[in-house]
1. Using alpha carbons only, how many degrees (0 to 90, rounded to 10) separate the axis of helix A:298-311 from the longest principal axis of chain A?
2. Taking the 0 to 90 degree range and rounding to the nearest ten, how far is the long axis of helix A:80-91 tilted relative to the main principal axis of chain A, both from C-alpha atoms?
3. Distance between the C-alpha centers of the range B:534-575 and the range B:469-498? Whole Å please.
4. Just order B:504-510, B:421-427 by mean Cβ neighbour count inside 10 Å, highest at the front, would you?
5. Most exposed first by the Cβ proxy, i.e. fewest other Cβ within 10 Å, how do B:542, B:471, A:266 rank?
6. Relative contact order for the range B:335-401 using alpha-carbon pairs under 8 Å, separation at least 6, rounded to a whole percent?
7. For a quick size check, give me the Cα extents of the protein assembly as shown along its three principal axes, largest first, whole Å.
8. Per residue, how big is the convex hull around the C-alpha atoms of the range B:279-326? Give it to me in cubic angstrom, could you?
């Protein structure tokens, strides 16, 4: 896996052909992107947060949010039992209402993929696994690739990798690019989500650059955060990433997905992200194939709001399962 | 619902080729809805394995927002409104009235008294008496209490004001709720704070330290100007000390229909804080929030006569401007009327400030943050349907990025939602009057005849009411009328430039000089531009941003005098 193969991927897009040749060339491309004005981006995100989503539109958004969830547990204390319980919840979020759709995927550490596989095989919920020395990414490429192969061999459909933020922040874009390419290769048929860890990138300019870098290197999804760093997903960050996938699709014809993760706990937050998707990337992205929400406790709030929307009243929290 | 909707189909297609889809209906309105909201498809199939990128899709045209109308029940509109004179509401002396309508539906809202010369006499006499007996000699700290009270009541009744403003003016509730009403309250709060600190405003005083002392240096200038002694001993005294600047007396204030409540606040708050009394003449088409504000004055126990509201048309305004008992005229409106007022006031000794029209340039350089610049362009010209004197109606974009900026702009305009002003998701509301709609239509037709290319996003307008789609003209030359005349509507003219010098030359090549915008990531260029642009307000990487602490006003045919900030006090003080 090397620069030649990377170049090959973009060879049919002449303006991109020089992208992968060196740090300097990557820098030219990434630093040539239009800047992001932080004040303006925050104002736009705040303005979209005032959209008022009611009735049918709300019900659709609640169901769609459920279908977009990567139901996640990423704790040192995770056990097979915990993962099995989460898988049951993923398949049938609300035992009282079979009309509630299953979530998009469950997301676990690589060593628990096999457990999830046993619960979920061919039942419509995908298995995602974090890899590449998640969450810090501080390991050699060989270790990271072994981590990825471990996950895919155990049956992961999707791999959530982290970029090397240290390399990115010190301008070694070529290294980040090559790592993503290598992981892409190691994933085989699995979908690759590239976690930018925007909380550590700090500026929205960096978010835009890292988004492009990941997309150029072959990411299927770009993802905000590991959930282990604060701030995690924020509306302005999501806005910038959604604009990046839109612009990338304009330039190359390829649609890359976006996953927001970390700190999204309420249905209201989830719906606000859907509004951002709709009005930034466009309706085409309003599908689990192109937008995901990494979350755990969000699901119960979505269920509660859904039941409120259908029955007109709130059920108590004990009417929804805690897994 | 929805107006113009996202029309980007395949990602790489230029927007023109994109099928407008079944997209263009209107945000729901009573009795004249377009299609009902798209019925979404909840449920659907289970989530797919990751390789199936399609996934279940919302039916038909995708996820659309259901109608989310703000309730109009919160505000009670009377059938008839009198003039607010000397603390009470009373009919016009000659009993005349005129209707005010909802421009989004053409439904009549109320009948409003039409003030004639006799009413102007009564109002000015009431204001004079209040000035001489109560308000002019009241300590600033006491005046401030009334202003704080008005500000707080405005906040408490914010929804009422927002709904009434959107009904009478046609602007979207999102704007009246998030901009007009909060800013109006903020102006009262801001000037309430000045009322007992006028000695420190750097206006007047023995040394003549004036408004040239530098921005933000109000208190420093004031102290340096020799009023330090007064400040130590004169706290309780307020006015009446030699050093303190004096109010002018009775202010006649004539305001426009584009921000009815906000303009009333811009006029009343500094006038009252400085110890003047007011006769306010709201615009003919938007009298209702000024009358509700009069009710708030009553609620705040403001002494009778301190604020008087005379509803009426142009003749009422002329009578007020020409009244010999008025010491000060403040006018916001068209340049044409401003000139008439200027002639009428000449030689009378009345003080005058004018805030008139504009044809502002919004200058986008090739290193601008494109997405935020596009937001700024949209906010610059489509905010309040373009009924904004400082609207960025001329987009000056550097030629090297013109194509991409215009393409992005078109995509963005396709997401704007036009329709029922009371719907919380509406971005573009109604044009305020038939007269204004005719003017916008006529100038747009002229733009086409002159050879500019006209474009609007796919958009169906409601059948009743006054509506105009967001419109962009490209291929516009400096010599076209649409590049020179104020349209005061949602119509943008796009021009290009090659160098910063050319940008400045073109931006300044207008008889107006109210505002300008500069979009670039280069700080030095922002400063370079700001020094050269002949405009009272220059926004950098933002547009149409207002704050009571920031002075606002124009050059040349855009008027003179400043409103807002420390500078805004000078218009109402005898320095």
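1. 40 degrees
2. It works out to around 80 degrees.
3. 25 Å
4. Per-residue Cβ counts within 10 Å, averaged per peptide and sorted highest first, yield B:421-427, B:504-510.
5. A:266, B:542, B:471
6. Taking the mean separation of contacting Cα pairs over the length of the range B:335-401, I get 39 percent.
7. 92, 64, 59
8. Once divided by residue count, the hull of the range B:279-326 is 53 Å³.
Taken together, the values in this text are just the output of simple stated rules run on the coordinates, not laboratory data. The model shown is predicted, which means the values in this text are computed figures rather than measured ones. When we count neighbours, we look across all protein chains shown, and the Cβ atoms used for this are built from the backbone with ideal geometry, even at glycine.
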